[in-house]
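One structure is given here, and the rest of the page talks about it.
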Amino acid sequence: MMNNVMIISGAGLSAESGIRTFRDSDGLWEDYDVMEVCSTQGWNNDREKVTRFYNARRKDLHDKVPNKAHCTLAALEQQFPGRIMHLTQNVDNLLERAGCREVIHLHGTLTDLRCEECGHVWDIGYEAQHEYDACPRCESSAVRHNVVMFGESAPEYRHIYDAIASCELFVAIGTSGQVIDIVTIAQEFEHSLLINPKREEYVTAFGSFEKNIDDFFEHFIQKKASQAADEMAAFITQFLQR
């Protein structure tokens, strides 16, 4: 039986490509009230404001390019087809632009729109959403961004359980663990690797622990994603060639 790898990537993967995160010191939370632009409550209160927010994020993505970490992950996928399950919290398309073909977007995709009536999803690239846009399948005008908001379910999370069941190595890269509890996932694996530029305190709904997140991983590379790319590739390659 061949070993397989489960990867969860977060905002830190794309931050070096110039995509602003929410939580960093210069993050988007400094400019926006997250509950006004990224929640179901905000969407119901002011759809135009939320649409403007995602239009701006889509426009900003246009000029961004994949960094070394994106390209390294794409190369690993191509070298070991069918043996890497990559689940990303990011809504950008930089992994795909680097050459990845097997990416599961847990929180949706920025370059798509979704019909609220029939559920159809379609690509609009980096264009803005307009009030006159209609679903190409059912022609409904109930159109929205294809990004999961606070207050609604994330159906792609089901793939997390599939990956845990079918993989032997867990790699978390560029995620603080504040959205998805990567510690709980790491505890399901004998072999695990965390890549993050700083040590993060482990905080749960019940409060914080005395341990940091990296304490729960077998290996920890304390570097930015692109700086750790070569070490990550060597580690995963060695594991998959066992």
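The values are calculated or read from the model by the stated rules, or taken from the named source; none is laboratory data. In this text, all values refer to a predicted model and were calculated from it rather than measured experimentally. Cβ: placed from backbone, ideal geometry, glycine included. Neighbour counts: every protein chain shown.
Could you say whether any residue in the range 177-184 is at pLDDT below 95, crowded, with 17+ Cβ neighbours inside 10 Å and in contact with a helix residue (DSSP H, G or I) (Cβ under 6 Å, 6 or more places away or on another chain)? Yes, the range 177-184 has at least one match. Among the residues making up the range 123-154, those that are within 12 Å of residue 51 (Cβ to Cβ) and of a type in the set (D, E, K, R) are 131, 133, 144.
Among the candidates 137, 144, single out the residue that is more than 21 Å from residue 38 (Cα to Cα) and among the basic types (Lys, Arg).
137
With respect to the stated conditions, residue 68 fails to be basic (Lys, Arg) and over 30 Å from residue 234 (Cβ atoms).
Residue pairs whose Cβ atoms lie under 7 Å apart, sitting 6 or more positions apart in sequence or on different chains, and linking a residue in the range 77-92 that is basic (Lys, Arg) to a partner that is assigned to a loop (DSSP other than H, G, I, E, B), are 83/2; 83/4.
Just to be sure, is residue 47 in contact with a Phe, Trp or Tyr (Cβ under 6 Å, 6 or more places away or on another chain) and either surrounded by fewer than 21 Cβ atoms within 10 Å (Cβ to Cβ) or of a type in the set (D, E, K, R) (or both)? For residue 47, the condition - in contact with a Phe, Trp or Tyr (Cβ under 6 Å, 6 or more places away or on another chain) and either surrounded by fewer than 21 Cβ atoms within 10 Å (Cβ to Cβ) or of a type in the set (D, E, K, R) (or both) - is not met.
Summed over the range 195-238, residues that are assigned to a loop (DSSP other than H, G, I, E, B) and aromatic (Phe, Trp, Tyr) total 2.
Any idea which residue in the range 160-194 is farthest from residue 126 (Cα to Cα), counting only those that are in a strand (DSSP E or B) and of a type in the set (Gly, Ala, Ser)? The extreme case among them is 192. Looking at the range 166-175, can you tell me whether even one residue there is in contact (Cβ under 8 Å) with a residue 60 or more places away in the chain, surrounded by fewer than 20 Cβ atoms within 10 Å (Cβ to Cβ) and within 18 Å of the chain's Cα centre (by Cα)? There is no residue in the range 166-175 that is in contact (Cβ under 8 Å) with a residue 60 or more places away in the chain, surrounded by fewer than 20 Cβ atoms within 10 Å (Cβ to Cβ) and within 18 Å of the chain's Cα centre (by Cα).
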